[in-house]
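Asker: Handing you a structure now.
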Ligand code: GRF
């Protein structure tokens, strides 16, 4: 059975969608831990309510990015995961950390990458005047919000959209494609060929 560790920083609605799908669909998976970099991440309570071990490595207690990533990596590796799932984990990761989990760490980013990297993606989409926006699940590489794409979903942008209304529409799609993508990994269906993800049937 594959083991996964989920990293969160806040409410953890994507984490919750993954936990719920794994239970409802009886995935062959052990969600070994949910780890946060903040003590006030509300998602920790949901994980605990499902009997999943939780841990916190407080990022602001570390004087450097390297020191934090080293501590986080040793905490994650206590659980020996096959896959690390970043679910609203609001940290820029060092290349050593990313390399350690190469090919076994996924992230969800609320835009159609490669458009709109970084923060405030819904406002970036509104400012650009795009008619279609969305979300991307991708393998994590050293470059921020890059890496081989596993899945994308699109939503329309309406004339009267605000950042909030657009975020809400995108989030509904996040909760569909992230569990789907994680399940493909767990079932061994993902491979990366020339920086492109192939999904076997
Ligand atoms: C999501 O929009 C995700 O795409 C982004 O941060 C947000 C986290 O939301 N990376 P949640 O904590 O999963 O509810």
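Asker: Out of 109, 133, I need the residue that is within 16 Å of the ligand (Cβ to nearest atom), touching a helix residue (DSSP H, G or I) at 6+ places or on another chain (Cβ under 6 Å) and over 18 Å from residue 4 (Cα atoms). Which one? It would help to see each step written out before you state the result.
Answerer: On the way: 109 fails: touching a helix residue (DSSP H, G or I) at 6+ places or on another chain (Cβ under 6 Å).
Answer to the check: 133.
Asker: Follow-up question, since we're still on this one. Quick one: is residue 173 over 19 Å from the mean Cα position of the chain (by Cα), part of a helix (DSSP H, G or I) and crowded, with 17+ Cβ neighbours inside 10 Å?
Answerer: Values: over 19 Å from the mean Cα position of the chain (by Cα): no; part of a helix (DSSP H, G or I): yes; crowded, with 17+ Cβ neighbours inside 10 Å: yes.
In short, no.
Asker: Please find, within the range 93-110, the residue that is surrounded by the most Cβ atoms within 10 Å (Cβ to Cβ) out of those that are without any contact (Cβ under 8 Å) to a residue 60 or more places away in the chain and over 22 Å from residue 189 (Cβ atoms).
Answerer: Among those that are without any contact (Cβ under 8 Å) to a residue 60 or more places away in the chain and over 22 Å from residue 189 (Cβ atoms), it is 93.
Asker: A follow-up question, please. Working only within the range 42-57, note down all residues that are over 16 Å from residue 108 (Cβ atoms) and either within 11 Å of the ligand (Cβ to nearest atom) or in a helix (DSSP H, G or I) (or both). Break it down into steps so the answer makes sense when it comes.
Answerer: Filtering the range 42-57 for residues over 16 Å from residue 108 (Cβ atoms) gives 42, 44-57.
Listed by number, the residues that qualify are 42, 44, 45, 46, 47, 48, 49.
Asker: Checking residue 90 against (1) out of contact with any strand residue (DSSP E or B) (no Cβ under 7 Å at 6 or more places or on another chain); (2) without any contact (Cβ under 8 Å) to a residue 40 or more places away in the chain; (3) surrounded by fewer than 15 Cβ atoms within 10 Å (Cβ to Cβ), which single condition isn't satisfied?
Answerer: Residue 90 satisfies all of (1) out of contact with any strand residue (DSSP E or B) (no Cβ under 7 Å at 6 or more places or on another chain); (2) without any contact (Cβ under 8 Å) to a residue 40 or more places away in the chain; (3) surrounded by fewer than 15 Cβ atoms within 10 Å (Cβ to Cβ) except (2).
Asker: Please work out which one of (1) in contact (Cβ under 8 Å) with a residue 12 or more places away in the chain; (2) part of a loop (DSSP other than H, G, I, E, B); (3) surrounded by fewer than 17 Cβ atoms within 10 Å (Cβ to Cβ) is the condition residue 147 fails and give its number.
Answerer: (3)
Asker: I need every pair where a residue in the range 1-21 that is under 19 Å from residue 80 (Cα atoms) and away from the ligand (no atom under 11 Å from the Cβ) has its Cβ under 6 Å from the Cβ of a residue that is assigned to a helix (DSSP H, G or I) and modelled with pLDDT of 95 or more, sequence separation at least 6 or different chains.
Answerer: The qualifying pairs are 2/186; 5/76.
The values are calculated or read from the model by the stated rules, or taken from the named source; none is laboratory data. Nothing here was measured: the structure is a model prediction, and the numbers come from that model. Cβ: placed from backbone, ideal geometry, glycine included. Neighbour counts: every protein chain shown.
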